[in-house]
Amino acid sequence: MSIPVLLFASYADAFGTRELEVPVEAPCPVQTLVDTLRGMPGGDRLPPRVLVAVNQRLADTAAVLQPGDEVALIPPVAGG
């Protein structure tokens, strides 16, 4: 299956795009998707713990992705 991954701010800069289609085996834990992203150009800029949303809801890395799911990587935010 192919999972659309939305990227924002520094993550979009790291990967050079705002959206990726990532091929993974179904079903796929979120952690496996993140590991796949780490192996792609720009993936080395992901922090050790990545905040992930699946279908617009925060998700644990143990959550299992299904066909039709959409993932967003939420970058760190600084405030002041």
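The values are calculated or read from the model by the stated rules, or taken from the named source; none is laboratory data. As the structure is a prediction and not an experimental result, all values here were calculated from the model. Note: ideal-geometry Cβ built from the backbone for every residue, glycine included; neighbour counts use all protein chains shown. These area figures cover heavy atoms from the full protein model, side chains too; ligands, DNA and RNA do not enter into them. Shrake-Rupley method; radii C 1.70, N 1.55, O 1.52, S 1.80 Å.
Yes or no, residue by residue, for (1) closer than 13 Å to LEU7 by Cβ; (2) modelled with pLDDT of 95 or more; (3) out of contact with any His (no Cβ under 9 Å at 6 or more places or on another chain); (4) surrounded by 13 or more Cβ atoms within 10 Å (Cβ to Cβ):
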site: LEU37; (1), (2), (3), (4): yes, yes, yes, yes
site: PRO48; (1), (2), (3), (4): no, no, yes, no
site: VAL52; (1), (2), (3), (4): yes, yes, yes, yes
site: ALA59; (1), (2), (3), (4): no, yes, yes, yes
site: GLU70; (1), (2), (3), (4): yes, yes, yes, yes
site: LEU73; (1), (2), (3), (4): yes, yes, yes, yes
site: GLY80; (1), (2), (3), (4): no, no, yes, no
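Considering only residues in the range 16-30 that are open to solvent by less than 70 Å² (accessible area, probe 1.4 Å) and under 11 Å from the mean Cα position of the chain (by Cα), the one that is farthest from THR61 (Cα to Cα) turns out to be LEU20.
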